[in-house]
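Chemist: Shown below is the structure under consideration.
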Amino acid sequence: MSVEERLSALGITLPSAPVPVANYVPYVQEGKLLFLSGQGPRREDGTYPEGIVGQDVDIPTAQGHARLTGINLLGALQDAIGGDWSRVRRIVKVLAMVRATPDFDGHPVVINGFSDLMVEVLGDRGRHARSAVGMGSLPNRMTVEIEMIVAID
């Protein structure tokens, strides 16, 4: 099954890469590596879910935010590769940040919402190395921010 067919079967329509609001670009290609800037769970209306995981946001909700962040990153990736999913060799590395209470220790469980989506959409090419860490704050008071490095042809 192609990436497009998997996305369709999952009921996912990918957004375009967001227009940067600061001095950066959504992605940079260096050789055969594509570096995607950090993104969060931006909704279609441009807003972000806010909150602190372990305080006013529970794990299943935060997993949904991580999944939405993955959809947004896949949209940026689609733009970067010109829609040619055959160029994606694999997701190499992910840095995932969770806005959480100091004593929260479920960061990896939250980020599984992202990682599971990558495998659902890309199969084995979606399996990646990752770091899942806690943060005291994130832009827009969002719950999750994720950046990724992708090997491409």
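Every number in this text was worked out from the coordinates using simple rules, so none of it is lab data. Just so it is clear, the model here is predicted, and its values are computed rather than measured. Here Cβ is always computed from backbone atoms with ideal geometry, including for glycine, and neighbour counts include all displayed protein chains.
Chemist: Restricting to the chain, what percent of DSSP beta bridges are antiparallel, rounded to 5? Please report the intermediate quantities before stating the final value.
Modeler: Details: 19 of 28 bridges.
About 70 percent, rounded to the nearest 5.
Chemist: Starting from the Cα of ALA22, step 7 Å along the direction of its Cβ; do the same at LYS93; then give the gap between the two resulting points in nm.
Modeler: In this crude spin-label approximation the distance works out to 2.1 nm.
Chemist: In addition: Taking 2.2 N^0.38 Å as the expected size of a compact globular protein, what ratio does the Cα radius of gyration of region 86-153 give against it, to two decimals?
Modeler: Ratio of Cα Rg to 2.2 N^0.38 Å: 1.19.
Chemist: Next up: Could you work out, for region 19-134, what percent of all Cα-Cα pairs fall into each 5 Å distance bin, beginning at 0 Å and stopping at the bin that holds the largest distance?
Modeler: P(r) over region 19-134, rounded to whole percents: 2, 11, 21, 24, 19, 14, 7, 2, 0.
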